[in-house]
1. Identify, from the list B:PHE235, B:PHE212, B:PHE228, B:PHE252, the residue that is open to solvent by less than 20 Å² (accessible area, probe 1.4 Å), touching a helix residue (DSSP H, G or I) at 6+ places or on another chain (Cβ under 9 Å) and under 27 Å from B:ARG153 (Cβ atoms).
2. Could you check B:TRP11 against (1) surrounded by 24 or more Cβ atoms within 10 Å (Cβ to Cβ); (2) at pLDDT 95 or above and say which number it fails?
3. Among the residues of segment A:297-334, how many are closer than 19 Å to A:GLU212 by Cα and open to solvent by 10 Å² or more (accessible area, probe 1.4 Å)?
4. Just checking, how many residues over segment A:285-300 are modelled with pLDDT of 90 or more and either touching a Ser or Thr at 6+ places or on another chain (Cβ under 9 Å) or under 15 Å from A:ASP251 (Cβ atoms) (or both)?
5. Out of B:ALA86, B:ALA51, B:ALA90, B:ALA23, which single residue is within 22 Å of B:ARG168 (Cβ to Cβ) and within 14 Å of another protein chain (Cβ to nearest Cβ)?
6. Mind checking which residues of segment B:51-83 are aliphatic (A, V, I, L, M), open to solvent by less than 20 Å² (accessible area, probe 1.4 Å) and in contact with a Ser or Thr (Cβ under 9 Å, 6 or more places away or on another chain)?
7. Could you list, in sequence order, the residues of segment A:321-351 that are touching a strand residue (DSSP E or B) at 6+ places or on another chain (Cβ under 9 Å) and closer than 15 Å to A:THR146 by Cα?
8. Determine whether A:ARG203 is assigned to a loop (DSSP other than H, G, I, E, B) and either in contact with a helix residue (DSSP H, G or I) (Cβ under 8 Å, 6 or more places away or on another chain) or away from chain B (no Cβ under 13 Å) (or both).
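The values are calculated or read from the model by the stated rules, or taken from the named source; none is laboratory data. Predicted, not measured: the structure shown is a model, and the values here were computed from it. Every residue, glycine as well, gets a Cβ built from its backbone with ideal geometry; the counts of neighbours run over all protein chains shown. These area figures cover heavy atoms from the full protein model, side chains too; ligands, DNA and RNA do not enter into them. Shrake-Rupley method; radii C 1.70, N 1.55, O 1.52, S 1.80 Å.
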Amino acid sequence: MDSERHHFDEMLSGSDGVRAPYAEFQKWFADEDPARLSKKSKEAEAFFRRTGITFNVYGQAAAQERLIPFDLIPRIIANREWTKLSKGIKQRVTAINAFLHDIYHRQEILRAGIVPTELISRNEAFLPQMIGLTPPGNVYTHIVGTDLVRTGEDDFFVLEDNARTPSGVSYMLENRETMLHMFPELFSQIKVQRVSNYPKSLRRSLAASAPERCHGKPTVAILTPGIHNSAYFEHSFLADQMGVELVEGHDLMVVDGHIAMRTTRGYKNIDVLYRRVDDEYLDPLNFNPDSMLGVPGIMDVYRAGNITIANAPGTGIADDKAIYSYMPDIIEFYTGEKAILKNVQTWRCSEPDSLAYVLAHLPDLVVKEVHGSGGYGMLVGPAASKKELSSFAAKLRRNPSNYIAQPTLSLSTVPIFAKKGLAPRHVDLRPFALVSPGGIDITPGGLTRVALKAGSLVVNSSQGGGTKDTWVLED
Amino acid sequence: MLGKTAGGLYWMFRFLERCENTARLVEAGFRIALTRSNDPASEWKSVVITAGARSHYDAKYDSYEAAHVVDFLLRDTANPSSALSAVEKARTNARMVRTALTTEVWEAVNEGWMGIKETLKSPVKETDLPTVLGEIRRHSALVRGALHGTMLRNDIYDFTQIGLALERADNTARIIDVKYYTLLPSASFVGSALDNVQWETILRSVSAHRSFRWLNDENMTPSSVADFLILDPRFPRSLSFCSRILEESLGFLAKDYGARLTCHDMISAQRDRLRENTIATIFDEGLHQFITTYIDDINAIGQQIEKDYRFNG
């Protein structure tokens, strides 16, 4: 049924066949020999393998390290479009930080009756340990990934907020490097805003978020769960690019009230820890006692104001897909402005009327777990079999508050370079915003993920999606 | 630098060196068994012992057949010192310390791992063995070359050299240890054809048959072979050479960090011992005893380095 729908194609929907942002690229592409492009595409794959740009897929021992397929047709965004998007993201990220502060302090938004109390109090991502604690510089989410989808010329929607530990930024950077390497001539013909400053901005932003009592140049480190983590490549890539140490839990301990890393010359204090370890595993003394990945006592150091943890523990509450449904109200509550970026219509299955609607229209909807990510545990109604639909309906009835549902959006497509020429595939976009007490910095573009199967709406790399270089044009 | 990173660099280069040494042992064993020996099984047995893989091997096989030994030493992941196991571990350590490596070094290790893994996917045919062993040595040389040409000469580099020198010293010492009796100057063997085969095996195992000839003409005696392997400062796999690299690299660290630690005293003592001895005094004292002590010392120094530089907390 998917092929019968009308999709907005970001390259080929224009009146004369090509939309304006793609005009220059199209000219270049038309003159290219497809055989040369095929060869380049293979080169890119060899390059990714050689440099070890891989990710690990959980539960697949045989294919432990896999490549994320890279497609060489860029996703191009006009400067005018980007200006609006980045303004919307800034607004949203500002509101999310204000919301998190409020939720862990006075909870005005609950008192005002805008967000229901039980959505917070019964939420797994809510950390009571954070109540009353103000992180250094009052920043909760230092790094945010906002997932956007598009359905038409001016129709962008936020699909979800990633305020916990968004990943994928290394692909944004490596995709650009790869394109520069393969087609340098393209970048002299077309002026594309650069992304290569991201590691520098990240380091600056993290350093600016150091505890107030840290004097001199703050020591920044990245905390990784280790080489078996699916995003290990990204952790080591960012540490390398920023010139900071990549540490694991067993490299760290509490020394004189500070978090310190074991070096060849003794213990050295860390001021800012960019952690890529989930809340639950961060501190076996305060959270999951079985965790081997965290640092015993780090929460006590945090409470004493001697370390910045980025992102702050407990930010996952803003990723919650039920909270998401209130985001337009949350934005208005804290900024006094209407949300610039639209939300996708969302049915909260915890509400009986909504549940009834969702059950009645399951074949047309996308149903997600409120804490889910990575495309795991979701139902895409139109693509599901009768059997899948009925077993999912049973799950829904058992635990309705664990789910939300959204209409199946007619996601925009961008062509990929396929064997038989250009072929449209659905895409999404994850721009990355950096937050520090000094302000919000958004790298132009972000990561474009693309579903490689014709008609598929699932772009997650863990489910076989690929990526594209994302261009924001200079004016 | 993180203690873990220092440890990762050290082990990365120990395993790379081990991978190469294993290939070298197989090469020597193969050649001798093929051309010179009346008793190939005993040649292969001493190859397995030298590789430090005897207990694992005996758990799996009853006899020392060429095909089994070659497969076990090159491809068997049940053997922690097989070329494949070693390159896997080298690459895992490299991945762990990737931020400390230049792109060139990382890519050389990663490509080496991909290449060797692919080559050793299925059992190696006898006809392909020389090519396969050559490939393993070439990958190893590429990593060393990238390291030499692109890395800063700082503590990172020092830890790679320490790992490399320790593994190499241990390897050469074990080769001598396994064959020490063939190097004893007992009159009845001197000059016999058998001994020449044994000495040649030893020299080939450290790729030194050619350099030995260059330096010693036709004068191949047990004492000249032993002297070369233990005391020759020019030969990059002699005990003396390896100990010098160790002392130098540890010395750079001491200077860089402004701290002299226990491991520094240990390596100085070992080098003094090597300096004070001649091959004659070593034979007087007992070659076997000398080598055993050397191996113990090397292992103790390795453990002390791990402690002094906080590899494991």
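1. Working: B:PHE212 fails: under 27 Å from B:ARG153 (Cβ atoms); B:PHE228 fails: under 27 Å from B:ARG153 (Cβ atoms); B:PHE252 fails: open to solvent by less than 20 Å² (accessible area, probe 1.4 Å).
After applying the criteria, what remains is B:PHE235.
2. Here B:TRP11 meets the rest and fails (1).
3. Taking segment A:297-334 and keeping what is closer than 19 Å to A:GLU212 by Cα, we get A:298-313.
Filter once more, keeping what is open to solvent by 10 Å² or more (accessible area, probe 1.4 Å): A:300, A:303-306.
Result for segment A:297-334: 5.
4. Applying the first criterion (modelled with pLDDT of 90 or more) to segment A:285-300 yields A:294-300.
Those still in the list that are either touching a Ser or Thr at 6+ places or on another chain (Cβ under 9 Å) or under 15 Å from A:ASP251 (Cβ atoms) (or both) too: A:294-298.
Total meeting the criteria: 5.
5. Working: B:ALA86 fails: within 14 Å of another protein chain (Cβ to nearest Cβ); B:ALA51 fails: within 14 Å of another protein chain (Cβ to nearest Cβ); B:ALA23 fails: within 14 Å of another protein chain (Cβ to nearest Cβ).
Checking each option against the conditions leaves just B:ALA90.
6. B:ALA51, B:ALA53, B:LEU73, B:LEU74, B:ALA83
7. A:LYS321, A:ILE323, A:TYR324, A:SER325, A:MET327, A:PRO328, A:ALA339, A:LEU341, A:LYS342, A:ASN343, A:VAL344
8. Working: assigned to a loop (DSSP other than H, G, I, E, B): no; either in contact with a helix residue (DSSP H, G or I) (Cβ under 8 Å, 6 or more places away or on another chain) or away from chain B (no Cβ under 13 Å) (or both): yes.
When the stated conditions are applied, A:ARG203 does not pass them.
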